[in-house]
Each structure stands twice: as C-alpha cells, then as structure tokens.
Amino acid sequence: MAGEEEVEVDVEQQQQPCPPLSKNAQKKLLKQQRYEVKKAEKKALLKEQKKREGERKRKEWEEKLAGATEEEKQQLIESRKCLRKERMDQRSDEKGKKMQRLTKAKENGQNVVIDLEFDHLMNSSELHSLVQQIMYCYAVNGRCSCPAHIWLTGCQGEMQAQLQRLPGFDKWVIEKENRPYIEAFQDQKERLVYLTADSETTLDVLDPKHIYIIGGLVDRNRWKGLTMKKAEDQGIQTAKLPIGTYLKMSSSQVLTVNQVVEILLKYLETGDWKTSFFEVIPQRKRCEGDNDIEQDEDTEGKDDHEIKIRDIELEEESEEKDDQGSKRQCIES
C-alpha cells in the first residue's frame, strides 16, 4: 500500500545513524562533556552553599529570639511577618504585570515559533540543554517591555516530558502545540519564515504579520543545513539575521535558540539590529580579525547562561512558595 510505504520510509529516515563526527567535532564533544561534569560539580557546590547559608540565618534568628524578652520576641516576629508580606506583595504585583504583558502579546504580539521536531537527532544532554534554553527564552520574554508570543510546536516525547518537569510550566503563557508548525499554521503558510543562517535572504525588519520559526536543535555542528533543507522542502520562506552587516563573527553565524529569541526581543524593544546584536551575542563570538579556534572550543557550551538559568529556577521556585504562603495566610486569617 502507498500509505504503508510512506510510513516505512519515514521510519527508515528516523532510524538512519548519525553522520560520523569529524576530529574537530569529537574534540568539541569531549570538551563539552568535561564542561558538563564541572557544571554539575558547580551546581552541587552552590546547593551546599545555599543550605549552609540557610542554616546560618536560622541559627542567627534563633539566637536573636533566645536573648529577647517576650515583648521583643513578638515585635521581632511581627516585623518579620510584615517584611515577608511586603516581599510577597511586590512579587505578586510584578507577576501580575508580567501576565498582562504576555496576555497582550498573545493577542497582537510578534509570533515566534520554536520548532521542536528534532528531538530524535539529539542525545539526552543536548535535549536538557535545549530545555534550559527554552526556559531562559520564556523568562526573558516575560521581563521584556515588548514581549513576543512564543509557540512550542512539535512538542512530544522526551522533550515534552522534560518541559513538563520545569517548575510552573503548566502556567506559562505560551502556545504548546503537539502538531508540527506546518499543520498548526496550515492556513497561514505564506506568513511562515524560517530563520536560518544558510538562507540567502537577509532579514531587514520584523514584520508583525509574519511568523518567525527558530530551529530547536542543539547539534554541535552535526546537522549543517538541516533547517534550510526542511524549509525548502516545505516551500516556506527563509531568512537570516543581518549579523554580517553589523559585526564579524569569530566562527559561524549559528547561534543558540535563546540568543536568537533574545535578539528578536531586543529588536522589538529598540528597532535597532546593531544594538540587539551587541547586547546579546557574547564577545567571544565577535572579532575584528581571525580568532584562535581553540579559544572558541574552550568556551563551547557556556551559552546556556547557567548562572541566569539558576536565577530563573530560583525565581520560579520562589513564586511557587509565595503562592503556597498566600494560601496559608488566607487559611490562618
């Protein structure tokens, strides 16, 4: 049967082995693995430091109460409650304003799609890296004065499972679409524009009527030209960011997902590509002349913004705790 033959071809394509890594790519992969080990150690150290800091503050508080009279104890406790309430009210206000901005963007903001149909081409470490980048994208978008409306399309399997484990993911003001973007926007195909460094068309301005697609792929340069070929096969428009017009890159013009999203957000705020590029693209990726390739390899993988990501994780956890605290206050009152 024709339909069965098509299914068999698709299965064969998905089961094709990954192309062999070049020596340079193997070297990068080894350095990335070493970096991941150091990153895990650093995360464990930060967690231990946070635990010790919490214990220190708790001990100080207990000693302060132990040396106070009953009247002073009540004053200290009431003062602490007031400070906590002020902090919770401030966070609640900030969260409310963020939700208003994101809701407005959902109605008439710039649509930006992250294409998640490449999960079968990534290993678990690369999938985790992409999930972290998506979390960063959402956090930056929420803080932006002119946010976009973000779509996650083709969100299935392990990718979907990892995203579901993120704190507060079910409350994100974002479109979570299991279908591929080509199906989700089948009536707006002429508005789709795939952003790829391989395109011959340079993006001059962001058209609010267009829907810009970013390939959700952490590939360590294994799948060159993949997104361009996909767009050509689907018959949709392509474009590349005008990076070469404003700066010279030390290596390729391929950026991480979070960098592309942040560049688009900066442009929506400023209307200036140059400002957007220089504020987002790391200096190590920019150069006036030829840079040492070894330097770029040594820092490979640091674009996950691990420190900022940790801040975002803490922020999400704090919001969850504040919600629980508000519920407790309601019950107590």
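Across segment 68-98, the qualifying residues are those that are touching a residue at least 40 places away in the same chain (Cβ under 8 Å), over 21 Å from residue 149 (Cα atoms) and in contact with a helix residue (DSSP H, G or I) (Cβ under 6 Å, 6 or more places away or on another chain), and the one among them that is surrounded by the most Cβ atoms within 10 Å (Cβ to Cβ) is 88. Only one entry of 218, 254 meets the criterion of being among the aliphatic types (A, V, I, L, M), outside any helix (DSSP H, G or I), buried (at least 20 other Cβ atoms within 10 Å of the Cβ) and modelled with pLDDT under 90, and that entry is 218.
Contact annotation: residue pairs with Cβ atoms under 6 Å, 6 or more positions apart or on different chains, pairing a residue in segment 128-145 that is more than 20 Å from residue 267 (Cα to Cα) and free of Cβ contacts under 8 Å to residues at least 40 places away in the same chain with a partner that is assigned to a helix (DSSP H, G or I) and open to solvent by 10 Å² or more (accessible area, probe 1.4 Å), are 131/162. Within the option set 191, 101, being at negative phi, of a type in the set (Lys, Arg), touching a strand residue (DSSP E or B) at 6+ places or on another chain (Cβ under 9 Å) and in contact (Cβ under 8 Å) with a residue 12 or more places away in the chain holds for one residue only, 191.
Of a type in the set (Asp, Glu), open to solvent by 60 Å² or more (accessible area, probe 1.4 Å), at pLDDT below 75 and not in a loop (DSSP other than H, G, I, E, B), is that true of residue 311? Considered against the rule, which asks whether it is of a type in the set (Asp, Glu), open to solvent by 60 Å² or more (accessible area, probe 1.4 Å), at pLDDT below 75 and not in a loop (DSSP other than H, G, I, E, B), residue 311 comes out as yes. Of all residues in segment 273-295, those that are among the charged types (D, E, K, R) have Cβ atoms under 6 Å from Cβ atoms of residues that are modelled with pLDDT under 50 and open to solvent by 20 Å² or more (accessible area, probe 1.4 Å), 6 or more apart or on another chain, in 284/299. Return the residues of segment 9-46 that are modelled with pLDDT of 60 or more, loosely packed, with under 10 Cβ neighbours inside 10 Å and not in a helix (DSSP H, G or I); say none if nothing qualifies. 20, the sole residue that qualifies. Does residue 276 qualify as being buried (at least 16 other Cβ atoms within 10 Å of the Cβ), in a helix (DSSP H, G or I) and in contact with a helix residue (DSSP H, G or I) (Cβ under 7 Å, 6 or more places away or on another chain)? Answer is yes for this residue.
So in segment 198-215, with the set limited to residues that are more than 21 Å from the chain's Cα centre (by Cα) and open to solvent by less than 20 Å² (accessible area, probe 1.4 Å), which one is farthest from residue 262 (Cα to Cα)? Don't jump to the end; show me each part of the working.
Taking segment 198-215 and keeping what is more than 21 Å from the chain's Cα centre (by Cα), we get 198-205, 207-210.
From what is left, the residues that are open to solvent by less than 20 Å² (accessible area, probe 1.4 Å) are 199, 203.
Numbers: 199: 20, 203: 16 Å.
The extreme case among them is 199.
The requirement of being without any contact (Cβ under 8 Å) to a residue 60 or more places away in the chain, hydrophobic (A, V, I, L, M, F, W, C), open to solvent by less than 30 Å² (accessible area, probe 1.4 Å) and not in a helix (DSSP H, G or I) is satisfied by residue 239.
The values are calculated or read from the model by the stated rules, or taken from the named source; none is laboratory data. Since this is a predicted model, take the numbers as computed values, not measurements. Every residue, glycine as well, gets a Cβ built from its backbone with ideal geometry; the counts of neighbours run over all protein chains shown. Just so you know, the surface numbers come from the protein's heavy atoms only, side chains and all, with ligands and any DNA or RNA stripped out. Shrake-Rupley method; radii C 1.70, N 1.55, O 1.52, S 1.80 Å.
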